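This report concerns only the one structure given below.
The values are calculated or read from the model by the stated rules, or taken from the named source; none is laboratory data. On a predicted model such as this, the values are computed, not experimentally measured, just so you know. When we count neighbours, we look across all protein chains shown, and the Cβ atoms used for this are built from the backbone with ideal geometry, even at glycine.
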């Protein structure tokens, strides 16, 4: 059985060392929140941030928002304790940074299990290294509990010694490898961040490119980016109307025993019907989000 579609249009990074931001996140219209113990937290604040994030998650109040806890790598002084705390934090997902092999995923899962994590606690991988890109398939298939890829395009650009341009041409190969591996194993796929908060047009183009490539949503660094991501990664009215027309025409054809379906002069195959149903299901899930 397939899992119900869950909107992940906008997933906002929240600095774990900022209690005010952790509280404000309870009222933001994002589909998901990444409670960050890694890049957004200075070394001397790591332990304080860990305690603050776990307390915030324990207090709850995040409603429909998916809660994702990004830990530090096991290769750092904080990684083991982050995972041990994350195991029973109540987060929906644990996000592993700089994943470059299936073994690193399994090592993290072992720590989570030893710390008493629920057997259904999911993990996602930050895909942000060259080696990780070359091993995207094995990482995607590392465990049934691996259910998502998050693109770390800033770290990737640095590692590639590439320019982080609007079109992101230097990263297209890496993005494509992760999309292929992710879709092959049924993973959630989230695009990387847009860093220039003053570049509204560039951000909109980045969202459009991400959706056209096939991502489910975008990771964000500021609440002002939520609205555009929610709009960009949701079916628009025209697409939704077309999807509903395709589904209705297919149902009529099946009822009448017809083997060929044509909508607005275009041949409709089962793959078009499946995609139309996915869009309608996503739209319904978005409508179900409490105001």
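Structure data summary
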{"item": "Subset of the stretch 29-52 [closer than 28 Å to residue 278 by Cα, crowded, with 17+ Cβ neighbours inside 10 Å and in contact with a helix residue (DSSP H, G or I) (Cβ under 6 Å, 6 or more places away or on another chain)]", "result": "30, 33"}
{"item": "First in the stretch 13-27 and touching a residue at least 40 places away in the same chain (Cβ under 8 Å), second anywhere and buried (at least 20 other Cβ atoms within 10 Å of the Cβ), Cβ under 6 Å, 6 or more apart", "result": "13/34; 13/36; 25/14; 25/33"}
{"item": "Some residue of the stretch 99-118 being within 24 Å of residue 4 (Cα to Cα) and surrounded by 15 or more Cβ atoms within 10 Å (Cβ to Cβ)", "result": "yes"}
{"item": "Only listed residue being in the same structural domain as residue 227 (by TED's automatic domain parsing), assigned to a loop (DSSP other than H, G, I, E, B) and either under 30 Å from residue 291 (Cβ atoms) or at pLDDT 95 or above (or both), chosen from 113, 44, 100, 82", "result": "100"}
{"item": "Filtered residue count, the stretch 144-179, keeping only those that are on the phi > 0 side of the Ramachandran plot and surrounded by 15 or more Cβ atoms within 10 Å (Cβ to Cβ)", "result": "1"}
{"item": "Any hit, the stretch 230-237, residues being within 17 Å of residue 272 (Cα to Cα) and touching a residue at least 40 places away in the same chain (Cβ under 8 Å)", "result": "yes"}
{"item": "Every residue from the stretch 61-72 that is over 24 Å from residue 5 (Cβ atoms) and surrounded by fewer than 19 Cβ atoms within 10 Å (Cβ to Cβ)", "result": "61"}
{"item": "Candidates 211, 183, filtered to the one that is at pLDDT 95 or above, in contact with a helix residue (DSSP H, G or I) (Cβ under 6 Å, 6 or more places away or on another chain), surrounded by fewer than 21 Cβ atoms within 10 Å (Cβ to Cβ) and closer than 19 Å to residue 148 by Cα", "result": "211"}
{"item": "Residue match in the stretch 133-156 (condition: touching a strand residue (DSSP E or B) at 6+ places or on another chain (Cβ under 6 Å) and part of a helix (DSSP H, G or I))", "result": "yes"}
{"item": "Among residues of the stretch 243-267, those that are modelled with pLDDT of 90 or more, in contact with a strand residue (DSSP E or B) (Cβ under 9 Å, 6 or more places away or on another chain) and either in the same structural domain as residue 191 (by TED's automatic domain parsing) or surrounded by 17 or more Cβ atoms within 10 Å (Cβ to Cβ) (or both), counted", "result": "3"}
{"item": "Residue among 36, 31, 23 that is over 21 Å from the mean Cα position of the chain (by Cα) and modelled with pLDDT of 95 or more", "result": "23"}
